Amino acid sequence: MKTATIVGAGLAGSLWAVYLAKAGYNVTIFERRSDIRLAEIQAGKSINLALSHRGWEALRAVGVDHHVNELAIPMTGRIMHSATGELTAQPYGQEGQAIYSVSRGGLNAKMMDVAEKEFGATINYNMQCTGGNLEEGIVYLTNKLTGEHSEHQSDLVFGCDGAYSALRYKAFQKLDRFNYSQEFVEDGYKEFLIPANADGSYKLDKNALHIWPRGRFMLIALANEDGSFTCTLFMPFEGDENAFDKINTKAEIEAFFETRFPDFYEMCPNVVEQWGTHPLSSLAIMRCYPWTSGKAALMGDAAHATVPFYGQGMNASLEDCHTMGKLMEEHDHDWEAIFKAYQADRKPNGDAVQELSKHNYLVMRDFVADPQFLLQKKFENRIQELYPEKYIALYSMVSFSSIPYAEAWKKGQEQDVYMKDLMQQHDIESLMKEGKVDDLIHRIFKDKLVSN
Ligand SMILES: Cc1cc2nc3c(=O)[nH]c(=O)nc-3n(C[C@H](O)[C@H](O)[C@H](O)COP(=O)(O)OP(=O)(O)OC[C@H]3O[C@@H](n4cnc5c(N)ncnc54)[C@H](O)[C@@H]3O)c2cc1C
């Protein structure tokens with residue numbers, strides 16, 4: 001039986017273990033942390049993630065999606081909270097389409113359970129990878145509890161050890177002609193928890209992603225299963241006023257939330273305490289190439305870490321597993337061919353997901369409260385409703401389809417130009433008010449052969 005080593009039992013590592021074990025490999029995982037299923041989730045690190053179509057497809061392909069169903073809360077749209085507390089709802093897609101809020105820890109624990117118990121993978125905890133020999137399929141390890149050093153050899157090695165991957169730093173980066181760059185964005189993030197009501201009910205609509213867009217900074221909230229919401233404040237580290245370095249005292253923290261996010265402030269009475277105890281974290285985009293060498297490959301954030309503004313980092317990582325799994329069958333376990341095809345297919349998509357994430361940062365920050373932007377989205381939604389086979393909006397291509405990210409990003413940019421042009425030529429707002437916008441859409445799209 002062929003042997004495979006996976007470094008990192010995170011979201012990509014634990015799912016990839018399932019793919020490999022299902023295909024008959026003997027899988028060993030080395031994970032730096034202790035078993036998260038036994039540890040308390042660290043305060044302020046209770047992230048929940050938006051799981052969408054690509055992630056579901058990757059889970060479904062190996063028949064483990066039903067395990068995740070029970071953890072997932074559907075979100076059918078965004079709800080924007082204005083500075084004066086008014087709410088505006090905007091659907092994400094068509095009737096019945098949703099993205100899903102899932103707890104990162106919960107999903108990871110579940111996938112680790114499945115990999116171990118259902119598929120026989122072995123997970124070794126407190127084992128930190130410190131390097132590797134990619135040609136020989138060796139990973140170097142340090143036991144974090146005993147300090148003991150060891151090495152482990154196998155037929156294949158997969159670096160699923162996240163944005164700060166040790167396999168990438170300590171092995172891939174030693175290769176000749178290996179390209180690498182990292183780009184920290186100016187913003188950091190801090191998490192807060194809106195508790196459930198006393199009776200366990202939610203303080204906000206749980207089936208929406210809540211956004212408080214404030215120009216250069218924003219707050220978002222996703223529902224947890226227990227009636228609470230995990231909220232994330234994204235804001236520059238340094239700045240004139242609305243910046244983490246300008247908010248330090250109890251009075252400054254209270255004034256910040258009371259004036260910028262009054263409805264949130266009411267729902268989160270101990271925000272000062274949370275500010276003090278929850279960490280401030282940074283965000284970066286990591287690019288590198290090649291993603292494979294010898295017997296080893298990088299997957300997930302280790303290959304293409306991105307900023308979280310499209311909610312696609314995990315989805316892209318799970319899609320890496322899906323693609324590698326398909327290639328494994330297509331090339332009948334010829335790993336030289338699989339690795340070649342994997343990086344040729346996934347690198348442009350990794351680049352595109354990074355571009356999309358940067359783009360959506362601006363959308364969420366600056367445009368979701370812009371009436372012209374909202375009008376364009378409404379118009380696009382209506383076109384998509386009437387001519388779904390001819391027009392798919394960018395958000396739908398990314399979140400509700402498997403169209404490769406690179407294709408979606410390219411098409412999305414073209415569509416944006418086209419839409420802006422249409423909106424200049426026609427008074428869409430008046431047509432909508434008069435109920436005549438469908439006539440215009442039919443005139444344009446009825447005889448159109450392909451989507452624009
Ligand atoms: C604030 C925030 C919000 C996000 N929201 C979303 C979202 O809504 N939707 C979405 O799709 N994505 C989101 N993401 C991105 C998502 O979290 C990542 O893309 C995803 O976790 C990547 O999975 P991974 O398995 O590659 O890496 P990770 O999940 O980071 O797992 C890496 C694993 O490797 C282990 N490890 C690290 N170093 C070593 C080592 N040296 N030796 C052994 N083990 C090691 C780690 O302990 C960890 O278990 C968000 C990210 C952030 C920061």
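When Asn349 is tested against the conditions (1) more than 14 Å from the ligand (Cβ to nearest atom); (2) part of a helix (DSSP H, G or I), the lone failure is (1).
Residues that are of a type in the set (S, T, N, Q) and free of Cβ contacts under 8 Å to residues at least 24 places away in the same chain within the range 174-200 are absent altogether.
Checking every residue in the range 49-66 against the condition of being surrounded by fewer than 16 Cβ atoms within 10 Å (Cβ to Cβ), more than 30 Å from Ala369 (Cα to Cα) and among the small types (Gly, Ala, Ser) gives at least one match. One residue alone among Met423, Met397 is in a helix (DSSP H, G or I), in contact with a helix residue (DSSP H, G or I) (Cβ under 7 Å, 6 or more places away or on another chain) and farther than 20 Å from Gly93 by Cα, and that residue is Met423.
Residue by residue, here is whether (1) β-branched (Val, Ile, Thr); (2) modelled with pLDDT of 95 or more; (3) exposed (fewer than 14 other Cβ atoms within 10 Å of the Cβ); (4) closer than 17 Å to Ile392 by Cα holds:
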residue: Ala408; (1), (2), (3), (4): no, yes, no, yes
residue: Asp438; (1), (2), (3), (4): no, yes, no, yes
residue: Phe445; (1), (2), (3), (4): no, no, no, yes
residue: Lys448; (1), (2), (3), (4): no, no, yes, yes
residue: Asn452; (1), (2), (3), (4): no, no, no, yes
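Among the residues making up the range 213-232, a single one is part of a loop (DSSP other than H, G, I, E, B) and within 14 Å of the ligand (Cβ to nearest atom): Asn224.
Counting only residues that are surrounded by fewer than 17 Cβ atoms within 10 Å (Cβ to Cβ) and in contact with a Pro (Cβ under 8 Å, 6 or more places away or on another chain), give me the strands (runs of 3 or more DSSP E) lying completely in the range 139-196 with at least 1 of them. Answer list for the range 139-196: 179-194.
Tell me which of these Lys110 doesn't satisfy, since it passes every other one: (1) out of contact with any Leu (no Cβ under 9 Å at 6 or more places or on another chain); (2) under 30 Å from Ile211 (Cα atoms). Unmet for Lys110, out of (1) out of contact with any Leu (no Cβ under 9 Å at 6 or more places or on another chain); (2) under 30 Å from Ile211 (Cα atoms): (1).
Screening Glu389, Glu414 for residues that are within 25 Å of Leu356 (Cα to Cα), in a helix (DSSP H, G or I) and among the acidic types (Asp, Glu) leaves exactly one candidate, Glu414. Once the range 3-15 is narrowed to residues that are of a type in the set (A, V, I, L, M, F, W, C) and under 12 Å from Glu116 (Cα atoms), the residue that is nearest to the ligand (Cβ to nearest atom) is Ala9.
Sub-9 Å Cβ pairs linking a first residue in the range 334-356 that is touching a residue at least 12 places away in the same chain (Cβ under 8 Å) to a second residue that is among the β-branched types (Val, Ile, Thr) and part of a helix (DSSP H, G or I), at least 6 apart or interchain, are Ala341/Thr323; Tyr342/Thr323; Asp345/Thr323; Arg346/Thr323; Asn349/Thr323; Val353/Val398; Leu356/Val398, ordered by first then second residue. Can you tell me which residue is nearest to the ligand (Cβ to nearest atom) among those in the range 259-313 that are farther than 30 Å from Ala196 by Cβ and assigned to a loop (DSSP other than H, G, I, E, B)? Step by step, filter the range 259-313, then rank; the result is Gly300.
The values are calculated or read from the model by the stated rules, or taken from the named source; none is laboratory data. Keep in mind that this is a model prediction, so the values were computed, not measured. Note that we place each Cβ from the backbone using ideal geometry, even for glycine, and neighbour counts take in every protein chain shown.
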